[in-house]
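Asker: Questions regarding the structure given below will be posed in turn.
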Amino acid sequence: MITFEGKQYDDRHGGPFDRGMADSYYRRRFDPHYFVGGTYNTPRVDRESMTTEELEAYGAGFEYNEDMGDHKDWR
């Protein structure tokens, strides 16, 4: 669990918060999604099928990483 802006989020690998952090880290566009289980080896859930809470968690993960300034160095 990670606390961000006073709220706790599940940071499970593949979950919405984790995918938001990963997209920010790799400087990918904001694209809400998550994986049912492990990343890339279980079904992907896209924005259209996400709940309000899942969308919020993805956005929080993206913002959390942006605030931390932790990005992949591609050099």
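The values are calculated or read from the model by the stated rules, or taken from the named source; none is laboratory data. These numbers come from a predicted model, not from an experiment. Cβ coordinates were reconstructed from backbone atoms using ideal geometry, including for glycine residues, and neighbour counts include every protein chain displayed. Protein only, heavy atoms only, side chains kept; ligands, DNA and RNA dropped before computing areas. Shrake-Rupley method; radii C 1.70, N 1.55, O 1.52, S 1.80 Å.
Asker: Relative contact order for the chain using alpha-carbon pairs under 8 Å, separation at least 6, rounded to a whole percent?
Answerer: Details: 119 pairs, mean separation 25.4, N = 75.
34 percent.
Asker: Roll a 1.4 angstrom probe over the protein heavy atoms and tell me the percent of accessible area of the chain that is carbon or sulfur.
Answerer: With neighbouring chains kept in place, the figure for the chain is 49 percent.
Asker: Collect residues whose amide H, placed 1.01 Å from N in the peptide plane, falls under 5 Å from the amide H of VAL45; neighbours closer than 5 in sequence don't count.
Answerer: TYR34, PHE35, VAL36
Asker: Moving on. Among TYR25, TYR40, TYR58, which one moves the most in a GNM of the chain with springs linking Cα atoms closer than 10 Å?
Answerer: TYR40
Asker: Rounded to the nearest 0.05, what FRET efficiency is calculated for LYS7 and ASN41 with R0 set to 25 Å and r the Cβ-Cβ distance?
Answerer: 0.30
Asker: While we're on this one: Once the dipole of the chain is set up with Lys and Arg at +1 and Asp and Glu at -1 on Cβ about the Cα centre, which of GLY59, GLY38, PRO16 lies farthest towards its positive end?
Answerer: Looking along the dipole axis, the top candidate is GLY38.
Asker: Report the Rg/Rh value for the chain, based on alpha-carbon coordinates and the Kirkwood definition of Rh.
Answerer: Taking Rh as the inverse mean 1/r over Cα pairs, Rg/Rh reads 0.96.
Asker: What are the residues whose amide H is under 5 Å from the amide H of TYR9, where those residues sit 5 or more places off or on another chain and H is modelled from the backbone?
Answerer: Under 5 Å from the amide H of TYR9: ILE2, THR3, PHE4.
Asker: Tell me the per residue accessible area of the chain using a 1.4 Å probe; a whole number in Å² is fine.
Answerer: Result: 64 Å² per residue.
Asker: Here is a further query. I want to check the label-to-label distance for ASP73 and TYR25. Put each point 7 Å from Cα in the C-beta direction and report it in nm to one decimal.
Answerer: 1.6 nm
Asker: Related question: Roll a 1.4 Å probe over the protein heavy atoms and report the accessible area of MET21 in Å², nearest 10.
Answerer: Per-residue accessible area (MET21): approximately 40 Å².
Asker: Counting only helical runs of four or more DSSP H residues, what would the 222 nm mean residue ellipticity of the chain come to if each run contributes -39,500 (n - 2.57) and the total is spread over all its residues?
Answerer: Calculated mean residue ellipticity at 222 nm is -11500 deg cm²/dmol.
Asker: Here is a further query. Please list 3J(HN,Hα) in residue order for segment 22-37, calculated via the Karplus relation 6.51 cos²θ - 1.76 cosθ + 1.60 where θ = phi - 60°; whole Hz, with x for glycine and proline.
Answerer: 5, 4, 5, 4, 8, 6, 7, 5, 5, 9, x, 5, 7, 10, 4, x
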